[in-house]
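Data block below; observations after.
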Amino acid sequence: MPWVVKHGQDVEVPDVTEKGLEEARDILQKRGLLLVVERQEENEELPEGAVISQSPPPYSWVKRGRRVFVAISRGARLYEVPDVRGVSQRQAMLILDQIGFKTGTITGQPSYEFPKGVVISQIPEPGELAGKDVLIDLVVSTGPPELALMPDLVGKSLQEASDLLERMGLRLGRVTYQSSLEYLPDTVLRQSIPAGGRVRKGAEIDLVVSKL
């Protein structure tokens, strides 16, 4: 936008609010004005280095060579992230809300150590500094892992054993082969957890399987 000069030496002060410091300085210099940083302030809306306010105000008329005083943003104020580990999800959200933080993603995770509904961990970590726009992600206990009854796999083919483990919510672990004249090839000879035992779902079960 073209700028206006009147009476030979008077110029219209441009609006440099929300501009970066160097950009604002260049704009004012082109009008024959001098930028002076008067103070720095925390600001939740403008990034660090942006002009918050100016004096004289925009669109006023001043003499060439006049100084324009500006307040510069330090960026958003940083706050210490509280430690909400070990408290209930509801209590953690209340603590964060009281300080001004918002809860981000909540992820469930089985745990023997933490009761169901209690916060296991958080990101950002406790004690870190963050702006109020940062979301605090929580990992919350879903209680002890669900247990499955270990099936008897001995005598079954490797494929049958693998399929059965999958249906039980278990995983096939390491398979070791051992020569055997008694069993057909790929028959389960031993299993790492005895049949009838309790095992957490998702656990890996190692097998010893026959070969010629």
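Readers should treat all values here as calculations from the given coordinates under stated rules, not as data from a laboratory. The structure presented is a predicted model; accordingly, all values stated were derived computationally and were not measured. Positions of Cβ are generated from backbone atoms using ideal geometry, with glycine treated the same way; all protein chains shown enter the neighbour counts.
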Worksheet item: Where the Cα atoms of the chain are projected onto their three principal axes, how long is each span, largest first, in whole Å?
Response: 111, 40, 22
Fill in: Using θ = phi - 60° and Karplus 6.51 cos²θ - 1.76 cosθ + 1.60, couplings along segment 206-212 (whole Hz; Gly, Pro as x)
7, 10, 10, 10, 6, 9, 6
Discussion item. Please state the shape class of segment 21-77: rounded when a/c is under 1.5, otherwise prolate if a/b exceeds b/c and oblate if not, all from the C-alpha gyration tensor.
Written reply: prolate
Worksheet entry | Under DSSP loop assignment and at most 15 Cβ neighbours within 10 Å, longest chymotrypsin sites (Phe, Trp or Tyr not before Pro)-free interval of the chain | 113-212
Worksheet item: Cα centroids of segment 112-130 and segment 136-166: how far apart, whole angstrom?
Response: 27 Å
Response to the item:
Residue by residue through segment 28-34, the couplings from Karplus 6.51 cos²θ - 1.76 cosθ + 1.60 with θ = phi - 60°, in Hz, x for Gly and Pro, are 5, 4, 5, 8, x, 10, 10
Practice prompt. Note the angle between two axes, namely the Cα long axis of helix 158-167 and the longest principal axis of the Cα atoms of the chain, as a number of degrees from 0 to 90, rounded to the nearest 10.
Written response: 50 degrees
Practice prompt. Give the calculated FRET efficiency between residue 15 and residue 133 to the nearest 0.05, with a Förster radius of 30 Å applied to their Cβ-Cβ distance.
Written response: 0.70
Worksheet item: In segment 98-174, what GluC sites (Glu not before Pro) fall in a loop by DSSP, with at most 12 other Cβ atoms inside 10 Å?
Response: 113, 146
Worksheet entry | Exposed-site-free run, longest, the chain (rule: trypsin sites (Lys or Arg not before Pro); DSSP loop; at most 14 other C-beta within 10 Å) | 133-200
Worksheet item: Restricting to lysine pairs 8 or more places apart or on different chains, what number in the chain have Cα atoms under 21 Å apart?
Response: 8
Worksheet item: In cubic angstrom, how much convex hull volume per residue do the alpha carbon atoms of segment 147-211 span?
Response: 59 Å³
Worksheet item: Charges only on Cβ, +1 for Lys and Arg, -1 for Asp and Glu: so what's the dipole of the chain about the Cα centre, in debye to the nearest 20?
Response: 360 debye
Discussion item. Taking every DSSP beta bridge with both residues inside the chain, roughly what % is antiparallel (nearest 5)?
Written reply: 55 percent
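Need one number: % antiparallel among DSSP beta bridges in segment 165-212, to the nearest 5.
30 percent
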